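**Q** Here it is, the structure, as structure tokens.
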Amino acid sequence: MAVPSRIVALDGVMATVESYGCQRQVSLMLLDEEVSIGDYLLVRAGGLAFERIEAEQALQALALMDEIAATDGGDVHTW
């Protein structure tokens, strides 16, 4: 499962992304389009961003994940 992550910094083919208060470094090498700070990415295991998604779509997905976590008492950090 890929959690939408927002770009907070760019450095060549690497980006710092944030999701649920956690930041991590990801590679942009699989993307075939330019990205900017504030864009949302889907990131694979291993730290490889594979798709840029529209902010509205990312926010909807995050809201749904929040709802699921609240319903089952889970923590999205453990997914």
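The values are calculated or read from the model by the stated rules, or taken from the named source; none is laboratory data. This one's a predicted model, so the numbers in the text were calculated from it and none came from an experiment. Methodologically, a virtual Cβ is constructed for each residue, glycine included, from the backbone with ideal geometry; neighbour enumeration extends over all protein chains shown. Ligands, DNA and RNA are excluded from the accessible area calculation, which covers all protein heavy atoms including side chains. Shrake-Rupley method; radii C 1.70, N 1.55, O 1.52, S 1.80 Å.
**Q** Out of segment 34-48, which residues are open to solvent by 70 Å² or more (accessible area, probe 1.4 Å), without any contact (Cβ under 8 Å) to a residue 24 or more places away in the chain and within 16 Å of G12 (Cα to Cα)?
**A** Scanning segment 34-48 gives a single hit, E34.
**Q** If you don't mind, another one. Name every residue in segment 1-38 that is in contact with a Phe, Trp or Tyr (Cβ under 6 Å, 6 or more places away or on another chain) and closer than 16 Å to L62 by Cα, in order of residue number.
**A** Within segment 1-38, P4, R6 qualify.
Every residue, every condition in (1) under 15 Å from V17 (Cα atoms); (2) open to solvent by 100 Å² or more (accessible area, probe 1.4 Å); (3) in contact (Cβ under 8 Å) with a residue 24 or more places away in the chain, yes or no:
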| residue | (1), (2), (3) |
| --- | --- |
| D32 | no, yes, no |
| F50 | yes, no, yes |
| L64 | no, no, no |
| E67 | no, yes, no |
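**Q** Another question, if that's okay. Can you tell which of S19, S27, S5 is open to solvent by less than 30 Å² (accessible area, probe 1.4 Å), farther than 25 Å from I68 by Cβ and not β-branched (V, I, T)?
**A** Exactly one of S19, S27, S5 is open to solvent by less than 30 Å² (accessible area, probe 1.4 Å), farther than 25 Å from I68 by Cβ and not β-branched (V, I, T), namely S27.
**Q** If you check V3 against the conditions, is it outside any loop (DSSP other than H, G, I, E, B) and β-branched (V, I, T)?
**A** Spelling it out, it is not the case that V3 is outside any loop (DSSP other than H, G, I, E, B) and β-branched (V, I, T).
**Q** Tell me, please, whether a residue that is open to solvent by 70 Å² or more (accessible area, probe 1.4 Å), touching a strand residue (DSSP E or B) at 6+ places or on another chain (Cβ under 9 Å) and modelled with pLDDT of 95 or more can be found in segment 69-77.
**A** Looking through segment 69-77, none of the residues is open to solvent by 70 Å² or more (accessible area, probe 1.4 Å), touching a strand residue (DSSP E or B) at 6+ places or on another chain (Cβ under 9 Å) and modelled with pLDDT of 95 or more.
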